[in-house]
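Beneath this line is the structure, given in structure tokens, with notes to follow.
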Amino acid sequence: MRKFIVYRSIKGYKYELAGPAETESGIIGLDLETEYLKLQNDGLFLARKGYCWDGPSGPSVDTKTFMRGSLFHDAGYQLIRMGLLPIDYKSQIDDLLKRICLEDGMSGFRAWYVHQSVSLFGGGSCLPNTQRHRLPEVAP
């Protein structure tokens, strides 16, 4: 399994995957799929090339040790907002963020306070009304 992601900075969100990414989520028994995300019943969490996310949130610095964790954390919260993943899985998504950040070399203290922040203050980001609604544009 690839333990890295390839991405680029873009306007609008902040980042776009330039290649696929995957991680073990620890969420077993669900089979969910959207255009860019797939959570398999064996726990494998996939994000396809072209998936966009806004990176680490709040008073945080977008470091390499935070990018893969923020990708799968944002993707998990998006699945909750869409109603595909029950809100009961929020704590597992928060734990996934911490685990990935530690795997990617984040210090234990920073991973702890990042986890504390999303655990305490991330609930609002799981609500359906936080989904960004952008209408398609047509030209000419």
Notebook entry, point to check: Of the residues that make up the range 31-38, is at least one in a loop (DSSP other than H, G, I, E, B), within 14 Å of the chain's Cα centre (by Cα) and exposed (fewer than 14 other Cβ atoms within 10 Å of the Cβ)?
Noted result: no
Next item on the list: Filter the range 2-30 for residues that are loosely packed, with under 15 Cβ neighbours inside 10 Å and in contact (Cβ under 8 Å) with a residue 24 or more places away in the chain and give the result.
Entry: LYS3, PHE4, ILE10, GLY12, TYR13, ALA18, GLY19, GLY26
Notebook entry, point to check: For GLY105, are the conditions met, namely being of a type in the set (Gly, Ala, Ser), more than 21 Å from THR34 (Cβ to Cβ), touching a Lys or Arg at 6+ places or on another chain (Cβ under 9 Å) and surrounded by fewer than 19 Cβ atoms within 10 Å (Cβ to Cβ)?
Noted result: yes
Check: Would you pick out the residues in the range 53-102 that are among the β-branched types (Val, Ile, Thr) and part of a helix (DSSP H, G or I)?
Finding: THR65, ILE80, ILE87, ILE93, ILE100
Check: If you check every pair at least six apart or on different chains, which have Cβ atoms under 7 Å apart with a residue in the range 115-128 that is over 13 Å from CYS101 (Cβ atoms) and in contact (Cβ under 8 Å) with a residue 12 or more places away in the chain first and a residue that is in a helix (DSSP H, G or I) and aliphatic (A, V, I, L, M) second?
Finding: CYS126/ILE80; CYS126/ILE87
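Every read-out reported here was derived from the displayed coordinates using simple, explicitly stated rules and does not represent laboratory data. None of these values were measured; they are calculated from a predicted model. With ideal geometry, Cβ positions are generated from the backbone for all residues, glycine too; neighbour counts draw on all protein chains shown.
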